[in-house]
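The values are calculated or read from the model by the stated rules, or taken from the named source; none is laboratory data. Since the model is a prediction, treat every value here as computed from it, not as a measurement. With ideal geometry, Cβ positions are generated from the backbone for all residues, glycine too; neighbour counts draw on all protein chains shown. Surface accessibility is based on the protein's heavy atoms, side chains included, excluding ligands, DNA and RNA. Shrake-Rupley method; radii C 1.70, N 1.55, O 1.52, S 1.80 Å.
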Amino acid sequence: MNVASSVQVMFRFLSLNRMQSFTLNKELMDAYCIEVEEKKQYIGMVPLTPMSLNDIIDFYIKQQLTLDDCDISIMVNMEKVNVSQPIPKIVSDMLKHIECSMSVVLTQD
């Protein structure tokens, strides 16, 4: 059977400063940051779920971020190639509030 083994959706804050990264880690459950040393910035990652949606929106507004400062990353780990995989509904729910760009990463084990 051709089935995708897993789909992970992350909301990414692409250019946080040090204080914003601390705030993100403290205020949003399961959030984490990756330091981009050459830019002296952080990329904040938050699993996009129905429970995190409002917290992500609140953080975005409070930190006065722009659409260029974020995206939605959809990672699909495929067991087989040439398989159609639906995008989780939470993505369209988020796009109603923050119309940021999206990226898709396909991997195969």
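The share of accessible area on the chain that comes from carbon and sulfur is 52 percent, using a 1.4 angstrom probe. What pairs in Lys40/Lys96; Lys40/Lys89; Lys26/Lys62 have C-alpha atoms more than 26 Å from each other? In this structure, Lys40/Lys96; Lys40/Lys89 lie more than 26 Å apart at Cα.
Using C-alpha pairs below 8 Å separated by at least 6 residues, the relative contact order for the chain is 35 percent. For segment 43-106, the Cβ-based charge dipole about the Cα centre amounts to some 200 debye (Lys, Arg positive; Asp, Glu negative; other atoms uncharged).
If you wrap the tightest convex hull around every Cα atom of the chain and split its volume per residue, you get 113 Å³.
Among beta bridges from DSSP that stay inside the chain, the antiparallel ones total about 70%.
Per residue, the chain exposes an accessible area of 65 Å² to a 1.4 Å probe, with every protein chain left in place.
Dividing the helix sum by the residues of the chain, where each DSSP H run of 4 or more adds -39500 (n - 2.57), gives a mean residue ellipticity at 222 nm of -7000 deg cm²/dmol. The GNM of the chain, with springs linking C-alpha atoms under 10 angstrom apart, assigns the highest mean-square fluctuation among Asp71, Asp55, Asp30 to Asp30. Between Lys40 and Glu99, what is the spin-label point distance in nm, taking each point 7 Å from the Cα along the Cα→C-beta axis? Roughly 3.5 nm, to one decimal.
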